[in-house]
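These notes are about the structure you will find just below.
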Amino acid sequence: MTEPLMDRLLPIALVGTERSPGLRALLREVPAPLTGLMQALATAPEDDATVLLRAAGVLAVAQRVGGGLAAADALPEAPAPARSDARPALSAEAHQALLQRLLGEDVPDSLRHEALSLVAQRGWRLPAALLPPMLALALRLPMLRSAVGAVMGERGRWLVQQQPRWRSIVERPAEPTEEDWAHGSGAARLAFLKDERRRDPDAARERLIAELASLAARERAELVEALAVGLSAADEPLLVKLLRDRAGDVRTLAAQLLPRLPDSEQSAWLAGQWSALLRVESAWLGLKKRWHVEPPTAEDPAWKTRALDLQRPRHDGLGERGWWLYQLARLTAPAFWPAHMAMTPTELIDWARGTDWKDALLRGWREAVLAAAGSAGVAGEPDAQPGAVDARWLLALLDCREAPGWPAHEVTPLRSHLPLAARTALWRERVGSAAADVAGEVVRTCAQPLIDGRPEQAGQLDPALAASLSAAMVRELTDLFAGRHADERRALAWLDTAPELVAWLPLACLTAVEALPAPAALDPNASATTSYWLHHRIAPLHDRLQQTVALRRAFHALPVAAVSSSTDFR
Amino acid sequence: MTTTATVLTTEAVLALAPDDASAKAARGLLAPAKWPTLGHDAAAAWGECQGSGSKPYQTQVDLSGPVFKCSCPSRKFPCKHGLALLLLRAQDTSRFTTPAEPPEWVRAWLEGRRERAEKQEQKQQKQQEAVLVAASAPTASGDPAAAPIPDTTPTARQDKRWQRIDAGLEELARWLADRVRRGLAVQTRESAGEWQTMAARMVDAQAGALAGWLNAAAAESDSAALLARLGRLQLLIEAVQRRATLDAGVLADVRATLGWPLDRDEVLARGEAVDDVWRVDGQIVEEREQRLVERRVWLSGRRSGRRALLLDFSHGTTGFETSWITGQARAGRLVFFPSAAPLRALSVQREAVPESGDGEAPVLAGWDDELDRAAAAMAAHAWLPLWPLRLAGAAIRVVEDDVWACGDGHALPLNVPVEQVPTLLALAGGGLVDLHGEWDGRTLLLLTLRSEDGLWQIGRIEGGAR
């Protein structure tokens, strides 16, 4: 064999032939098939170094000729191949070009979502070559995950299994089966469990209890979410146990579900806490009441078992006592406050403003309201469950004068839980005076359900509001492109918002957008009020809008995929 | 002709782009408003592109190449307008009109090309006739039917070059022996500099390719690989010493390895001409040092089964005048460089129309046959850099950081850019695919992958020494 011989030549070459006498002897003892050749080398007249190099050369060529291969069964067992796709791939040249354009930088995310949803609706899946860039996009942009999941097909599901970093792209099966519970991803199992909770909540709870011991912390947190569906008093023992779970996320989830059970022991305990902290003064023979609140003065050891988070971040705006107050508030059902203090949410917020603890209370209320809305919905809506939050809480929080100071990602979820009619009413008033701001809120609110994992509620926009908002946008942009603008901040706000809005508007509104006149070339010496630099930034907006409209129309024009009678359709 | 010329796919067009910037720029030119005129017929496609100036650019493509021409000032082949024109055609042929006669500026260019091609063919005919005439003169053995003996009388310049090479290699041999005598592991302060000096010496000695060998050896961290490389260098030195006794093919390989291949006229005169239908199995454009760009196009002959390599060079982002489309087959003539394992060839004639059914998978031999062929070539030519492998029914396996091609019981290590692995897996889906790549004795650099779901090509890479 050549390899062992090369291995034995190598040390001689490294150390040097002048220090190694054994070269010739080595060459004389080479087994077949190189015996003759090497023996001839052994007796060559040149010096040892030259002979060694020559032998190495022969062996090197032999290695090239015979080497490089391994046996296929030396590799570990191959994973199963992808299953056949029932849906055909959208692989026609023109359609692939359209899909490629979705990957461009200038495309609004909302358009990407709509386009991929249309592809799914029309019965297509992504061509295989486009799966990696689309999956990378979904990894980067959580709001696209449901749309990409709907068009990735069996090939996409298989690919995600092969590349661990993509597994966090959740993809929920539309109709989960036992198979999904047995072998599916975390998201698939959650979908199955939620489904079962709808049909038979007790059986689902038992199933979860049986699995709990064998799940890792992250998986427990994933599946406990399912208990939000079909919650009842029968779930209380499990939730109390989860209050003491090792994982912080699990404890928080349990603590957010328990307030929905007003008769639970946790709710009773919280009521007890508040009765110690809230004090009412009666005056005028009970007609006028003044409430006072005093946060706890010392840490209570019982809090740990009740899932309060006692690790206040060092630079948090709240002080230590404020933090405790906030923690207690965030775990309390929103319904508690109007019942206990006989005030509407708006009055409660006004009251909190008069105390020293406004920030802690507002923050706690906001989180409790969001948790209740996300878990049980809004009272009076068709999908509301026990523990649903009163819509007036949402309105009061959105309306309060502190709200503009809150970051968008904390305000948008509140707005997205409002029933459509209430949302529309809030916006309708402001379209005339603050169209750009309303447009920004609309865009974020339409997309929020995608981030929350409720894709079926994305993009809900009242048609009349859409029409008036679109008209306002067209008016303001026409002025802008003509070189007139009222307010620099608003002009800049349209830059990002307008293309995103165009993707959410009903198709009927698009004609007006297409008719927008192109920006006039601006003479730097002209007396127009728009500054030159602002115009420079606004000018490309026109192109971007036209491209967005064109792409929307192109995707709406996609044909419906032919349904193949054969099931094998790779 | 009323047959419609093949419409290239978007992928194929983008593969012709000389660099990423051109591809991106071409994509930006796809708006219909920019092309007031678009037309095509069986021979050519053309259009007028409205730029920022007053007069639109006139762009046209001879579809038999494809060969591009544009009135824009860019010096790239093809320019962004040519690429955009073909991209538009790939996406929607309905935008192209087919008038009875193409515009004058298209007709004139195509006419000019046809005339030049005819003149070229006549010139080659004359050259070949001259060779045959010389060969039919009575040979030393008096047998007029003996194969024409190529003119190998060395010129004075060749003699001078051999002298320089001999002197340089004599120094190299002494230096190598010295290193091995003292021990390769012994590093002195001068060691690194000595490799560079010796590499420069090879350039002086007109054996410039050996500078690359020495630089690669100096960079080698694996000592077994280093010894293997030096061993083959030793074989080359000794072959040069014995060149008078070598076969013509082996001598040609020695010269090629030294960096002194035969020039075009010598190859045309002495090389083996093969007429066949040649299919493009794969191609790669590699950026080398100092903005030198090398393109390798791999062909296989349908009837002869021969493999061929076309090697072209350009500079910077200029691109290449002649385009080859992977998967296309065309009848034509190749002339092979003399070699003990003939591979590199010149394309001297190529049909205007590709064979129908291009893109179909050809009938491929089994893995053992294919690997045996590669082995035979590497045994015949000790310094053969690359040999093409076409492998059917391969399974792509990713095991930790390594990628393998498995089939017929074998597992071949694949060299694949890491960011392309997901795309390859997506196209394969765990099923079987057809591969084409360059084998260097250790790994297969993947150039083409074909599955039921599409075709993948490596395109353009920034290369290094192999």
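The values are calculated or read from the model by the stated rules, or taken from the named source; none is laboratory data. All values derive from a computational prediction rather than experimental measurement. Neighbour counts run over all protein chains shown; Cβ positions are idealised from the backbone, glycine included. For accessibility, only protein heavy atoms count, side chains too; no ligands or nucleic acids. Shrake-Rupley method; radii C 1.70, N 1.55, O 1.52, S 1.80 Å.
For A:Arg392, the shell of other residues with beta-carbons less than 12 Å away shows a net charge of -3, using +1 for Lys and Arg and -1 for Asp and Glu. Measuring between their Cα centroids, the range A:187-266 and the range B:396-460 lie 45 Å from each other.
Reducing the range A:499-516 and the range A:108-142 to their Cα centroids gives an inter-centroid distance of 21 Å.
Here the mean projected area of the convex hull built on the C-alpha positions of the range B:18-76 is 4.4 nm². Think of a 1.4 Å ball rolled over the protein heavy atoms: the range A:8-141 then has 43 Å² of accessible area per residue. Label sites at A:Ala216 and A:Val240, each approximated as a point 7 angstrom past Cα along Cα to Cβ, lie 3.2 nm apart. Among the protein heavy atoms of the range A:310-402, carbon and sulfur supply 49% of the accessible surface, probe 1.4 Å, non-protein parts ignored. In this simple spin-label approximation, B:Arg264 and B:Thr322 carry label points 7 Å from Cα along the Cα→Cβ vector, and these lie 0.9 nm apart. Packing, as the average of other Cβ atoms within 10 Å across residues, places the peptides B:167-179, A:319-331 in the order A:319-331, B:167-179, highest first. Scalar couplings 3J(HN,Hα) for the range A:362-372, obtained by applying the Karplus form with A = 6.51, B = -1.76, C = 1.60 to θ = phi - 60°, are 4, 5, x, 4, 4, 5, 5, 5, 5, 4, 5 Hz; x denotes Gly and Pro.
Highest-first packing order for the peptide set A:492-499, A:452-459, A:307-314 is A:492-499, A:452-459, A:307-314, based on the mean count of other beta carbon atoms within 10 Å.
Computed from backbone phi with θ = phi - 60° and the Karplus coefficients 6.51, -1.76 and 1.60, the 3J(HN,Hα) list for the range B:94-106 is 5, 7, 9, 8, 10, x, 4, 10, x, x, 4, 5, 7 Hz; x is used for glycine and proline. Along the range A:535-541 the Karplus relation, 6.51 cos²θ - 1.76 cosθ + 1.60 evaluated at θ = phi - 60°, assigns HN-Hα couplings of 4, 4, 7, 6, 3, x, 4 Hz to successive residues, with x for each Gly and Pro.
Once you order the gyration tensor axes a ≥ b ≥ c over the Cα atoms, which shape class does the range A:211-331 get: rounded for a/c under 1.5, otherwise prolate or oblate by comparing a/b with b/c? Oblate. Taking every protein chain into account, the accessible area of the range A:252-321 amounts to 63 square angstrom per residue (probe 1.4 Å).
Sites listed here are chymotrypsin sites (Phe, Trp or Tyr not before Pro) in the range A:238-306 whose DSSP assignment is loop and whose Cβ has at most 13 other Cβ atoms within 10 Å: A:Trp284.
The alpha-carbon of A:Lys241 sits under 26 angstrom from the alpha-carbons of these lysines, leaving out residues fewer than 8 places away in its chain: A:Lys194, A:Lys304.
For B:Ala44, the residues whose modelled amide H falls within less than 5 Å of its own, excluding neighbours fewer than 5 places apart on the same chain, are B:Leu63. Candidates A:Gly459, A:Leu238, A:Pro79 compared by Cα position along the dipole of chain A: farthest toward the positive end lies A:Gly459, with charges placed on Cβ.
Peptide A:44-55 is shielded by partner chain Cβ atoms: per residue, an average of 5 of them sit within 10 Å of its Cβ.
Taking every C-alpha pair closer than 8 Å and separated by at least 6 residues, the mean separation divided by the residue count of the range A:251-327 gives a relative contact order of 24 percent. The mean count of C-beta atoms from other chains within 10 Å of the C-beta of residues in B:400-411, rounded to a whole number, is 3. Relative protection proxy for B:275-281, A:197-203, from highest mean packing down: B:275-281, A:197-203 (other beta-carbon atoms within 10 angstrom). Between A:Asp300 and A:Asp200, the contour length at 0.36 nm per residue exceeds the Cα-Cα span by 32.1 nm. For the range A:111-160, the square roots of the Cα gyration tensor eigenvalues, ordered a ≥ b ≥ c, give a/c of at least 1.5 with a/b no greater than b/c, which places it in the oblate category.
Secondary-structure-derived ellipticity at 222 nm for chain A, considering helices only, amounts to -17500 deg cm²/dmol, per-run term -39500 (n - 2.57) for DSSP H runs with n ≥ 4. Going from the isolated chain to the complete set of protein chains, the range B:422-463 loses at least 50 Å² of heavy-atom accessible area (1.4 Å probe) at B:Pro422, B:Leu425, B:Ala426, B:Gly429, B:Asp453.
Between rounded, prolate and oblate, where does the range A:1-118 land on the alpha carbon gyration tensor, with a ≥ b ≥ c its root eigenvalues, rounded for a/c under 1.5, else prolate if a/b exceeds b/c? Prolate. Each residue, B:Glu129 and A:Thr511, gets one label point 7 Å from its Cα in the Cβ direction; the gap between the two is 7.4 nm. Considering only B:Ala374, B:Pro78, A:Val148, the residue lying farthest towards the positive end of the dipole of the protein assembly as shown is B:Pro78, judged by Cα position with unit charges set on Cβ. Can you tell me the orientation of helix A:463-481 relative to chain A, as the angle in degrees between its alpha-carbon axis and the longest Cα principal axis, to the nearest 10? In chain A, helix A:463-481 runs at an angle near 70 degrees to the longest axis. Straightening the chain between A:Lys358 and A:Arg428 buys 22.2 nm, computed as 0.36 nm per residue apart minus the Cα-Cα spacing.
Taking every residue in B:219-231 and counting other chain Cβ atoms within 10 Å of its Cβ, the average works out to 5.
Cβ-Cβ distance of B:Glu101 and A:Gln163, R₀ of 60 Å, FRET efficiency by 1/(1 + (r/R0)^6): the value works out to about 0.65. Charged side chains reduced to their Cβ positions (Lys and Arg at +1, Asp and Glu at -1) give the range A:32-179 a dipole of some 480 debye around its Cα centre.
Measuring r between the beta carbons of A:Thr43 and B:Lys24 and using R0 = 56 Å, the FRET efficiency lands at 0.30.
Amide H to amide H, with H built 1.01 Å from N, B:Glu272 comes under 5 Å of B:Phe336, counting only residues 5 or more places away or on other chains. Basic side chains Lys and Arg get +1 at the Cβ, acidic Asp and Glu get -1 at the Cβ, and with that the dipole of chain B about its Cα centre reaches some 1120 debye. Computed with a 1.4 angstrom probe on protein heavy atoms, the A-B interface buries about 4300 square angstrom of accessible area in total. With a Förster radius of 60 Å applied to the beta-carbon distance between B:Val203 and A:Glu281, the computed FRET efficiency rounds to 0.05. A full extension of the chain between A:Asp7 and A:Ala520 corresponds to an added length of 177.0 nm, given 0.36 nm per residue minus the alpha carbon distance.
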